[in-house]
Amino acid sequence: MNEILKYFPEINPSQTKKFQDLYSIYKSWNSKINLISRKDFENLYIHHVLHSISILKFIKFKKDTKVLDVGTGGGFPGVPLAILFPEVEFTLIDGIGKKIVAVDSIIKDLKINNAEGLKIRAENLYEKYDFVVARAVTSLDKFYPLIQKNISSNSFNDKDNGLIYLKGGDLKDELRKIKHYQEVLISDHFSEPFFEDKKIVYIPINP
């Protein structure tokens, strides 16, 4: 939790309380269903929460922005982002029903009013959103064509609508077929060793 306050000292008491409560709620759920690797759970705040909200170092979503979190799994990055952007609408989707049951319960327990979980695969969803966010669901050259249809062309944020993807490692091969993109090194903002090779990849819908 200290890492959150270290990099985001501006968060308000209500948001701080939600982030504090998040640990015990996730621990309870993780004993029933494997949302987060058991051996990685002690790194919840750095590897999952802080990684998710690194997106704030790239963009601050404006009020009424609609964000789709594809392959949300245990609710990342959608749940932490929804805490920090209470006036933004988040839809968290996953094809695994028991994960969405858990995510919806976590959203309810944290009293997050601007997010909902939906059991559906991305290829079967046709609604439009301003941004799609995701964490290392699959290779980018497979993922982007899958969700491109879900991105609205009507932008009103400081950056054009598009995909914001969190992933580590060398992504050259994955990005070879994508003409316009931007890579942001998370290590430029966070000093923890975990972030050394982690990147935010932004692919705008209207380059």
| query | If you check F61 against the conditions, is it part of a helix (DSSP H, G or I), among the aromatic types (F, W, Y) and closer than 28 Å to S187 by Cα? | reply | no
| note | Being at pLDDT below 95 and either over 16 Å from T138 (Cβ atoms) or among the basic types (K, R) (or both) narrows I186, I205 down to just I205
| query | What are the residue pairs meeting all of these: first residue in the range 145-162, first residue acidic (D, E), second residue exposed (fewer than 13 other Cβ atoms within 10 Å of the Cβ), Cβ atoms under 8 Å, and 6 or more apart or on different chains? | reply | D160/N206; D160/P207
| said: Give all pairs with beta carbons closer than 8 Å in which a residue from the range 1-27 that is among the aromatic types (F, W, Y) meets a residue that is part of a loop (DSSP other than H, G, I, E, B); count only pairs at least 6 apart in sequence or on separate chains. | reply: Y7/H189; Y7/F190; F19/M1; F19/I11; Y23/M1; Y26/L35; Y26/I36; Y26/G74
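Quick check on the range 173-207: of everything there that is of a type in the set (F, W, Y) and in a helix (DSSP H, G or I), which residue is farthest from A134 (Cα to Cα)?
Restricting to residues being of a type in the set (F, W, Y) and in a helix (DSSP H, G or I), the top hit is F194.
For (1) in a strand (DSSP E or B); (2) in contact (Cβ under 8 Å) with a residue 12 or more places away in the chain; (3) surrounded by fewer than 23 Cβ atoms within 10 Å (Cβ to Cβ), each residue gets a yes or a no:
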position: N34; (1), (2), (3): no, no, yes
position: D40; (1), (2), (3): no, no, yes
position: I46; (1), (2), (3): no, yes, yes
position: T91; (1), (2), (3): yes, yes, yes
position: D104; (1), (2), (3): no, yes, yes
| among the small types (G, A, S), closer than 13 Å to G74 by Cβ and in a helix (DSSP H, G or I), is that true of S24? | no
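From P86, P80, grab the single residue that is of a type outside the set (S, T, Y) and part of a helix (DSSP H, G or I).
Working: P86 fails: part of a helix (DSSP H, G or I).
Of the residues listed, the single one that is of a type outside the set (S, T, Y) and part of a helix (DSSP H, G or I) is P80.
Answer yes or no: is there a residue in the range 151-172 that is buried (at least 18 other Cβ atoms within 10 Å of the Cβ) and assigned to a helix (DSSP H, G or I).
No: the range 151-172 contains no residue that is buried (at least 18 other Cβ atoms within 10 Å of the Cβ) and assigned to a helix (DSSP H, G or I).
For residues that are among the β-branched types (V, I, T) and within 20 Å of L166 (Cβ to Cβ), scanning just the range 23-58, find the one that is modelled with the lowest pLDDT. Reasoning before the result, please.
Of all residues in the range 23-58, those among the β-branched types (V, I, T) come to 25, 33, 36, 46, 49, 53, 55.
Retained after the next criterion (residues that are within 20 Å of L166 (Cβ to Cβ)): 36, 46, 49, 53, 55.
Working: I36: 88, I46: 95, V49: 97, I53: 97, I55: 97.
Once the filter is applied, the top-ranked residue is I36.
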| What is the one condition in (1) on the phi > 0 side of the Ramachandran plot; (2) modelled with pLDDT under 95 that K111 does not satisfy? | (2)
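The values are calculated or read from the model by the stated rules, or taken from the named source; none is laboratory data. Just so we're clear, the structure is a prediction, and the values are computed from it rather than from any experiment. A quick note on method: Cβ atoms are made from the backbone with ideal geometry, for glycine too, and the neighbour counts reach across all protein chains shown.
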